[in-house]
Amino acid sequence: MICPNEFTCALFVDGELQEEDALELALHLDSCKACDSRVAALRAENRTLVQCLQDIDSDMSSTVPEFSTSSGRSVSAVGFALGVIGVAIAFKLSTALLFGLDLPVEFGWLNPREWALSLGVAVNAVFYAFQNADAVFTDTTQGLILVSFSVAVLFGMVRIFKRGAAVTSILGVLVAIGCVSSPGYAVDLRKGPRASIPPTDTVDDTVLAAADPKAQSMEIAGTIKGDLIAVGDVIVISGTVEGNVIVLARRVEITGTVGGSVFGAAHTIIVSGQVARNLITGTDTVDLSRNGAIGGNVITASREAVIDGKTARDLISAAATLDLRGDVGRNVSFAGGQVTLTGSSRVGGDVGARVGKEENLRVAEGAVIGGQKNVHLPVATPRSNRYLTVSFYAWQVVRVLGLFVTGLVLFKLIPSLMPSSMSSGSDWLMAGAVGFMTFVAVPIAAIIIALTFIGLPIALITFVLYLIGCYLAKIVIAEFVGRSVMKNSGVVPLLAGLVLVIVAVNLPWIGTLINFLLILLGLGVIATTVYRRVSHRPAEAF
Amino acid sequence: MVGAVETRKQPIDLDFEVVYNMHYRRVLNLCRYLLNSPDKAEDAAHEAFLRAHARLDSYNPAYPLSTWIFKIASNYCIDLLRRKTAEKRIFDVDAGDHYDPPSGGSSPLSEVLAAERGRDVRNALGSLTEKYRVPLVLAYYNELSYEEISAILGVERSQVAVLIFRGKEYLRERLGKRLGKEKPR
C-alpha cells in the first residue's frame, strides 16, 4: 500500500473509514513509521480538541436559572400586547395631533374638521377602490404589483439558483424591472418656483410637483405628456395633461384638458375644462362648470356639489347638497342631504337618491330623466348600542368557541405554527412585515393568475386559502398571548388567549386596528412557517 | 408542542427539573459554540428545554436522554443559523472545499497546541464561519459521528468529512498565526 494522504488518515482517526480500508491502513501503519506518527499526531490533535472544547463544562461557577415551562418571553409578550395597543393609540393620537396643530396655511385644507362632512382622505381612498376596474385599478395597483412580483421573483431565484441573498436580490430586482417596465415616462420632480409650467413648455415625463410655499398658486399652463402629481395651496391646470392628474391642494382649478382621470383631495375643486376619463374627488365643494366636460364618471364626496357641465357616464355623489344643472349620460346615484335637479338638467338613465326625506329629492319642471326616479329612505330601525345587546355577546361566544375548536385541530396538525421562536421585537416586526406582504400580495397574485383562463381555479383556491389564513391568524396569536399570560401551554391558555384577543378586537375605537394588526402578525407567522416548510427540511425533524 | 392543546402521557419517573439541572450547562455551552453568542445561547438553551419538555412523549428511552436533548438544542441552533441568512444551504460544500492533497504547510494541532491554552482554541473556533464551526462543534464537543452530523445538517456524509477536515485546517492556520506573532516576545 502506498502512503495514504492526510484526509484519509483523518477519516481513519475519526473512525469514519470503511472497514476494509481501515484494516488495510492499520496494517500499513505497522510497517510505515511516517504514517504511524502522522496518525498518532492526528489522534492527539482530536484529543486536544475534544479536551479544549469540553473544558468549559467543568466551569460550574455559573448558576442554572430556574426552569419554567413558560416561553420565558412573557415580558416580550406583554410588550407585544402593549405594543399593539400602543401603536393603535399612537396612530389615533398622532393623527389627532397632526390635524389639531396649527399647520402652515397651505396645509390647512388637510384639517378634516374644516370639511363639513368630515369625509377626509379615507372616503377618497374608498372611492379609489370602488372605482370602475379599469385605468384606476391599473394605476393604483401597479406599484404593488411591481413590489409583489419582485418578491416572488426573488423567492423563486433563491429556490432555483441557491445563491447568496445579495446576488439574488440584485438579479431579482433586475428581472422584475425587466419584466414589468414598459417604455413609459420618466419622472420629472419639480419643486418651488420650477413647479409651475409656462404655456410654452412641454414636459415629456410624469411630473411630480410641489408648490413654492411662498407663491400664491402653481399654474400648469404648458403640456405634460405623462401624469401630473401635484401638491400645493392653489393649483391651476390651464394647459394640457395627457395622463392622469392627482392633486392635493386647498383649491384646484382645471380649465385646460386632462387626457386621463382626475383624482383630487382639496377644499374646492372647480372644473371648467375637459377631462377625458373620470373625475374623482373628496372635497368641501366641487363645481363642474357649464363649460366643463367629463368623459367618464364623476364620483364625488363633498359638502356641496354643483354639476353644471356634461358628464358622459354616471354621476355618483355623497354630499350635503347636490345641484344638478347639466347633462349626465347615464345614472345619477346620490346619498346625503338634498339633491336638486334644475330645469336645465338631463339624465340619460335612472336617478337614485338615498335621502332622509322624500322631498329632499327635488326635480324642477323641465328636468329630463331618461330612466326611473328612485328614492331610498332610511329604514326606520332604531340604532342600538351593539354592546348592550345579548346577541352581540352570544355571537362573540360562538366566535371564540369556533376559533377554539379550529385552534385545537390546527395545532394538532401543525404544531410548528405556535410562534414560540418569536424571541424579540425584531421577530415580531419581521412577522408584521411578512404578514403585510402576504396580506397585500396574495390577493393581487390571485387576480393576476385569474386573468389567465387556466389560472382561474388556482386563483380561487389561492383566495380561499388566503381567507382561511386570515381566519387562522388570530388563533396563532391568541395561542401565543394565552401561553405567555398563563405561563403555560395547553387547552386553557389557548382559550384564555382567544378570549383576550376577541375582547381586544371588539374594543370600541381601536378594536378594528388591533384586529388588523393581529391578522398581519398572525399571517406573518403562518407565511414564515409555510415558507420554511417548503424551503428546506425542518431541522427539528427527528 | 402539540402538548399545548392535548393531554399527554409523560414517561414515568422522569423529573424534568432534575434533567434540566443536570444538563443545562452543557446545553448552554453547546448553544454558545454553535451560535457564537452568549446572549442568543441562553435563549436557545431555554428554548431547547422547552421543546424537550413539550415533546417528552416522542423521547425513546432506549437512547440516553442527554443525547436527545443535545440533538434538540443542535437542531434549534442550526435552524436559527439558517434563519439568520437568506442562504439556507450554509453547509453545502462548494468548489473551494473539495479535498486536495495536503500542501504540508500546516502541522497537526497537537504541535501547535503544546503552547496554547483551551481558551485560545475556543476563540479560534469562534472566529471560524458557521459553515466550519458547526460541524467541528458537533464532532468534537458533542462527539457525534459523521452520519449523525450529516443528518442534522442535511448534507452528505462525505461533505461532513470535507467540512471537518477543512475546518481543522483553518483552525490550525489561525492558531499558528497567533503563535507566530507571539513567538518573538
Can you pull the one-decimal nm distance between simple spin-label points at A:D59 and A:F7, each 7 Å off the Cα toward Cβ? 3.6 nm
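Using 32 Å as the Cα-Cα cut-off, could you pick out the over-long pairs in A:K487/B:K71; A:K487/B:K168; A:K474/B:K131?
Working: A:K487/B:K71 25 Å; A:K487/B:K168 44 Å; A:K474/B:K131 38 Å.
Among A:K487/B:K71; A:K487/B:K168; A:K474/B:K131, the Cα-Cα distance tops 32 Å for A:K487/B:K168; A:K474/B:K131.
Find, among the trypsin sites (Lys or Arg not before Pro) in region A:213-321, those assigned to loop by DSSP (not H, G, I, E, B) with at most 10 other beta-carbon atoms within 10 angstrom.
Here the sparse-neighbourhood loop sites are A:K214.
Sorted from fewest to most neighbouring beta carbons within 10 Å, what does the list A:T257, A:T389 look like?
On the way: A:T257 17, A:T389 11.
By the 10 Å Cβ count, ascending: A:T389, A:T257.
Report the equivalent ellipsoid semi-axes for region A:6-55 in whole Å, largest first, defined as the square roots of five times the eigenvalues of the gyration tensor built from alpha carbon atoms. Write down the numbers at each step before the final one.
Numbers: eigenvalues 92, 33, 9 Å².
Three semi-axes, in Å: 21, 13, 7.
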Using the Karplus curve 6.51 cos²θ - 1.76 cosθ + 1.60 with θ = phi - 60°, work out ³J(HN,Hα) for each residue of region A:240-251 in order, rounded to whole Hz, and write x for Gly and Pro. 10, 10, 7, x, 8, 10, 10, 10, 10, 7, 6, 9
A:E66 and A:F516 label points (each 7 Å along its Cα→Cβ direction) are spaced in nm at 4.2 nm
In nm, give the distance between the simple-model label positions of B:R157 and A:T406, each being 7 Å from the Cα along the Cα-to-Cβ direction. 4.7 nm
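Using r as the Cβ-Cβ distance of A:S31 and B:S58, and R0 as 56 Å, what FRET efficiency do you calculate, to the nearest 0.05? Let's see the in-between values first.
Working: r = 50 Å, r/R0 = 0.90.
The pair A:S31/B:S58 has a calculated efficiency of 0.65.
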Using the count of nearby Cβ atoms within 10 Å as a rough guide to exposure, how do A:L315, A:L53, A:L401 rank from fewest to most? A:L401, A:L53, A:L315
Checking region A:471-522 for chymotrypsin sites (Phe, Trp or Tyr not before Pro) in a loop per DSSP with at most 11 other beta-carbon atoms within 10 Å yields A:W509
Pop the C-beta distance of A:V368 and A:A433 into the FRET formula with R0 = 60 Å and round what comes out to the nearest 0.05. 0.60
Could you list which residues have their amide H under 5 Å from that of A:R354, counting only those 5 or more apart in sequence or on another chain, with H placed in the peptide plane? A:F334, A:A335, A:G336, A:H376
Residues B:R133, A:R362 in order from fewest to most other beta-carbon atoms within 10 Å are A:R362, B:R133
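Where a number appears in this text, it was derived from the coordinates with a stated rule and is not lab data. This is a predicted model, so every value here is computed, not measured. Glycine gets a Cβ as well: all are built from the backbone with ideal geometry, and neighbour counts include every protein chain shown.
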